[in-house]
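The values are calculated or read from the model by the stated rules, or taken from the named source; none is laboratory data. From a predicted model like this one, the values you see are computed outputs, not experimental measurements. Heads up, the Cβs are rebuilt from the backbone with ideal geometry, glycines too, and the neighbour counts pull from every protein chain shown.
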2 protein chains.
Amino acid sequence: MHFLELVKKRKSTRKYSRRPVSREIIDKCLEAARLAPSACNSQPWSFIVVDDEKLKDAVNKAAFSGIYSMNSFANSAPVLIIVITRRRGYMARLGGYFRGVQYSLIDIGIACEHLILQAEEKGLGTCWLGWFNEKEVKKILRIPKDKKVDIIISMGYPEDGEIRDKKRKALSEIRRFNIS
Amino acid sequence: MHFLELVKKRKSTRKYSRRPVSREIIDKCLEAARLAPSACNSQPWSFIVVDDEKLKDAVNKAAFSGIYSMNSFANSAPVLIIVITRRRGYMARLGGYFRGVQYSLIDIGIACEHLILQAEEKGLGTCWLGWFNEKEVKKILRIPKDKKVDIIISMGYPEDGEIRDKKRKALSEIRRFNIS
């Protein structure tokens, strides 16, 4: 598949079938994330794959209750990937400090999109989740307080193969050549 | 090409040939960026493509002089893409505020990596540049003060087709299943 087709095909999946996802495929997605570029090759990411049914229920409850319940559709996904961002101790952080940019977040965007596009190629649906109760998620998964969970990715086979058009600004609105 | 092959093939290019890049191909790369997902579909990106030789020289001088000269290799690239991040006025910003995460940076990571992988598929080399004199770049390109330039991407045909192994942590270092 051409890259642009893959990009067009991929969409947020909010309804998942019960079909389980093999760990071999999960690892292939993580391999794509692992190879991502990052500022000063700092690789500020690690991943907890939650595919144990009981633990997943507990994580879902911790993550998506109360004011976070708009994302409770994630309950139906057979896999949750908890993305941990490391934020300190590297040249990238020093450069980021001087430039006022938190490069680790850009790096997380790159790595997770690798994971997500690899999943799409394998026929899996995914959704980026940024709105969840981080404190409770860290408690359940025993993630140290000094680490940050910025993103959770839900993953599974889509319930339907519906294709949605993407609503995006036109190219002419977001691109210009030179100054003119 | 399979997605994972594309990911493996792509590397930072720091030596460019003089072969020009057509605007048709540049627009194809930007199309891949345009279609990227973003928090609340906020699409917080826009791009200035600098391919005019004289302007490019001026931007290079502004961006990569003095303490920023480690990136002066970008001089040899026929195209610079200046990535502008918009940071305010959206639900994504509100959510980000409550969660303490600047989602626009994750979005920029996703969109720019789409651009870069599309470029790779077209045989182009690229480099992520995060270390440059933002103030001077904004002056030259008349970018309003309230906008942010977090990233510049250099682009062109690579001078050589050298394949480098990627130095990355092992998968076992960055991934675990469930709590165990």
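Side notes on the structure shown:
- Qualifying residue in the range A:20-35 (condition: under 15 Å from A:C127 (Cβ atoms) and without any contact (Cβ under 8 Å) to a residue 40 or more places away in the chain): no
- Within the range B:167-179, the residues that satisfy the criterion of being assigned to a loop (DSSP other than H, G, I, E, B) and at pLDDT 95 or above are B:K167, B:R168, B:K169, B:A170, B:N178.
- B:I151 being over 25 Å from B:H2 (Cβ atoms) and touching a Cys at 6+ places or on another chain (Cβ under 7 Å): yes
- Flag for A:K11 being more than 7 Å from every other protein chain (Cβ to nearest Cβ), within 30 Å of B:F98 (Cβ to Cβ), out of contact with any Asp or Glu (no Cβ under 9 Å at 6 or more places or on another chain) and touching a residue at least 24 places away in the same chain (Cβ under 8 Å): no
- Checking each residue in the range B:29-55 for being more than 30 Å from B:G96 (Cα to Cα) and either crowded, with 20+ Cβ neighbours inside 10 Å or facing chain A (nearest Cβ under 7 Å) (or both) picks out B:V50, B:D51, B:D52, B:L55.
- Qualifying residue in the range B:81-99 (condition: touching a helix residue (DSSP H, G or I) at 6+ places or on another chain (Cβ under 9 Å) and under 26 Å from B:L4 (Cα atoms)): yes
- Filtered residues of the range A:1-27 (kept if surrounded by fewer than 18 Cβ atoms within 10 Å (Cβ to Cβ) and under 25 Å from B:L35 (Cβ atoms)): A:M1, A:H2, A:L4, A:E5, A:K8, A:K9, A:K11, A:S12, A:R14, A:K15, A:I25
- Test: residue in the range A:129-139 that is modelled with pLDDT of 95 or more, over 19 Å from the mean Cα position of the chain (by Cα) and more than 28 Å from B:A63 (Cβ to Cβ): yes
- Qualifying positions in the range B:5-32 - assigned to a helix (DSSP H, G or I) and of a type in the set (A, V, I, L, M): B:L6, B:V7, B:I25, B:I26, B:L30, B:A32
- Residue under evaluation B:Q43, criteria (1) more than 18 Å from the chain's Cα centre (by Cα); (2) part of a loop (DSSP other than H, G, I, E, B); (3) in contact (Cβ under 8 Å) with a residue 60 or more places away in the chain, criterion not met: (1)
- Tally, over the range B:149-168, of residues that are facing chain A (nearest Cβ under 8 Å) and surrounded by 13 or more Cβ atoms within 10 Å (Cβ to Cβ): 4
- Annotation: of all residues in the range B:106-144 being more than 8 Å from every other protein chain (Cβ to nearest Cβ) and without any contact (Cβ under 8 Å) to a residue 40 or more places away in the chain, the one that is surrounded by the most Cβ atoms within 10 Å (Cβ to Cβ) is B:K138.
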